[in-house]
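Input: a single structure, listed below in C-alpha cells.
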Amino acid sequence: MCSLKDNIRRIRPASDGLILELKSAHPPSLEGRAGCETWSVDFSPDGSWFAWSMGHGIVWVIAWPLRHDKVNRVEIALESNRQDKTLNCGQTVWGLAFGPRPSKTPAPGEKAASCERESSRLLLATGLDNGVIKIWDVVTGQPRFDLKGHEGIARDLVFTPNEKLTLVSSSRDKTLRIWDLTQKGEKEPHVLSGHKDWVSCCSVSPDCSMIASVGRFDRMVCLWSLRSYTFIRNLTGINHKTFYLLASCDFSPDGALLATAAFSGSSWWIDLWDPYTAQKLSSLMDCSEMYGQNQISSLRFSPEGLQLAIVTEDRALQMWEPGQRGMVMQTKEDRTSNGLCCNFHPQGGVVATGTRDGHVRFWMVPRSVPSLCHLCRSVLRHSVSTHQVEALPIPRRILEFLTYRDIPDHSEAQSDRSSDEEE
C-alpha cells in the first residue's frame, strides 16, 4: 500500500472547490473493474480521522487535522504523528461509520470528558458483502469483533448520537438491526422488518427517538421507534413520477426535518418531510436535459442544518439551501464524475465525496452563518416535537417558522446551469 503522499492526485486553488483528491492504490489490472467503488466515507466525530472504502475489501483510515487561518482558508496537514491505518476486510465494504457519536447538545462540562472518552475507544464499523459487520479499533487498527445476523449485504451503518455504543445497520435482506456493541456481538440484535426489498439507507434522529430508512425498490420511507423498536409509519405523498427509485435519507441536525432523495430517468428530486406529522413540507426537482439516467446517489445535511450536500450522476457535488430555487454551489456538469456518497466534516466547510473508481475528493463548500432565529429554532426543535410546538400559544407566523412550514416549494425548479458558462 502506498503512502498518503503517493496517492495525492492534485491540489487546486479554493476557487475551484476541489481541495484535494486521493486515488486508491490498486494494481492497474483492477482499475475500473467491479469492486473498485468507494461506497462509503466518514469523518470521526471530532474530525481528526477520515475513512473510506477504497475498493476490493480495503478501508483506509487517515489522520485528518483541519484548521482555519485568519483568512478562512483550509490547510490540510499531511504530516502527522498518527499513522494511517489500512484495514483489510476481505470482502467488499459497502458501509462504514465511526462511533460512538457524541450528543448534539451535551450537558455543561461534558464536552471535554466526551472527547477524552472518544479518543480512548474510537471504533470503526464496516459493513461487508457477506452481511457481516466488522468492528475495528481505530487507534490500533486491529479488529475487535464481528456482528453476524444479516443475510444480505450490510449496506448502511450509523451510530446513535448519544455517546452509547449502539449501532444501526440496514441490509439487502430487507431488515434493519440495532446492535449493542458493549455485548461484542454475543447478544441478539433488535430486528426491524417491514421493507419489501433492499434497505439502501438509514438515519437516526438527533434525539435518538426515531430511525428513518428508505427502500430502493419498494419505494418505502419508513420511520421506526428507537425506544420501542416498532414501526411508526410510512411516509407517502404525491409522487413526482410513476416509477422511481429511492436513494438516500438524512435527518436535519435538530431532527425536525427528514430529507429523502429519489430519481427516475433523467430527473431527480429531494423531498423534505416533517417526521412527526408525516407532512411533506417542500421539494426540489431537477429535470436534466441529458439523455438517459441521471441518478442522485447521496445527500447530507450540513452540521448547522442550513444546507444539503447532493451527489448526482452529472455533477460531483451540489449544495442546496432549502427554500432557495437555485444551488448555493455546484461543480461543473460532468458525466464522468462517478459520485456515490458524501459526508461533511463535523466542523463544516469541507465535504468528502466517494467515487465509483475508488477515489475520494475533498471540496471546500460555502459556509453559512446561522441567524439567531435559526439557532433558537434548532435548540428548541432538538427536544420539542411538532405536536408540542403546535400546542404553544404563539402567532401563526412564528408557528410556521418553528415547524419549517415557511420553506417555499420548488418541485418544478431546475438547477441553475448558467454558472458553468460563467466559470
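The values are calculated or read from the model by the stated rules, or taken from the named source; none is laboratory data. None of the values given here were measured: they were computed from a predicted structure. Methodologically, a virtual Cβ is constructed for each residue, glycine included, from the backbone with ideal geometry; neighbour enumeration extends over all protein chains shown. Areas reflect the complete protein model, heavy atoms only, side chains present, ligands, DNA and RNA absent. Shrake-Rupley method; radii C 1.70, N 1.55, O 1.52, S 1.80 Å.
Applying both filters, DSSP loop and at most 16 other Cβ atoms within 10 Å, to the chymotrypsin sites (Phe, Trp or Tyr not before Pro) of the stretch 337-386 eliminates every site.
Averaged per residue, the stretch 237-391 has 35 square angstrom of accessible surface, using a 1.4 angstrom probe with ligands and nucleic acids left out.
Under the combined filter of DSSP loop state and at most 15 neighbouring Cβ atoms within 10 Å, the stretch 241-342 retains these GluC sites (Glu not before Pro): GLU289. Of the peptides 88-97, 223-232, the ranking by mean beta-carbon count within 10 Å, highest at the top, reads 88-97, 223-232. The simple spin-label model puts a point 7 Å past each Cα toward its Cβ; for GLU390 and LYS148 those points are separated by 4.8 nm. Report, in listed order, any pair from LYS85/LYS134; LYS134/LYS164; LYS148/LYS187; LYS164/LYS196; LYS85/LYS164; LYS23/LYS134 with a Cα-Cα distance greater than 21 Å. Over 21 Å Cα-Cα: LYS164/LYS196; LYS85/LYS164; LYS23/LYS134. How much of the accessible area of the stretch 162-249, in percent, comes from carbon and sulfur atoms when a 1.4 Å probe is used? About 47 percent, which is the carbon plus sulfur part of the accessible surface. The simple spin-label model puts a point 7 Å past each Cα toward its Cβ; for VAL139 and SER228 those points are separated by 4.1 nm. When the solvent-accessible area of the stretch 296-337 is split by element, carbon and sulfur atoms take up 40 percent of it, the probe being 1.4 Å. Evaluated with a Cβ-only charge set (Lys, Arg +1; Asp, Glu -1), the stretch 350-401 carries a dipole of roughly 120 debye about its Cα centre, given to the nearest 20.
For the stretch 114-217, the list of trypsin sites (Lys or Arg not before Pro) that fall in a loop by DSSP and count at most 15 other C-beta atoms within 10 angstrom reads LYS148, LYS184, LYS187, LYS196.
With 0.36 nm allotted per residue and the present C-alpha distance subtracted, the GLN83-CYS376 stretch has 101.4 nm of extension available.
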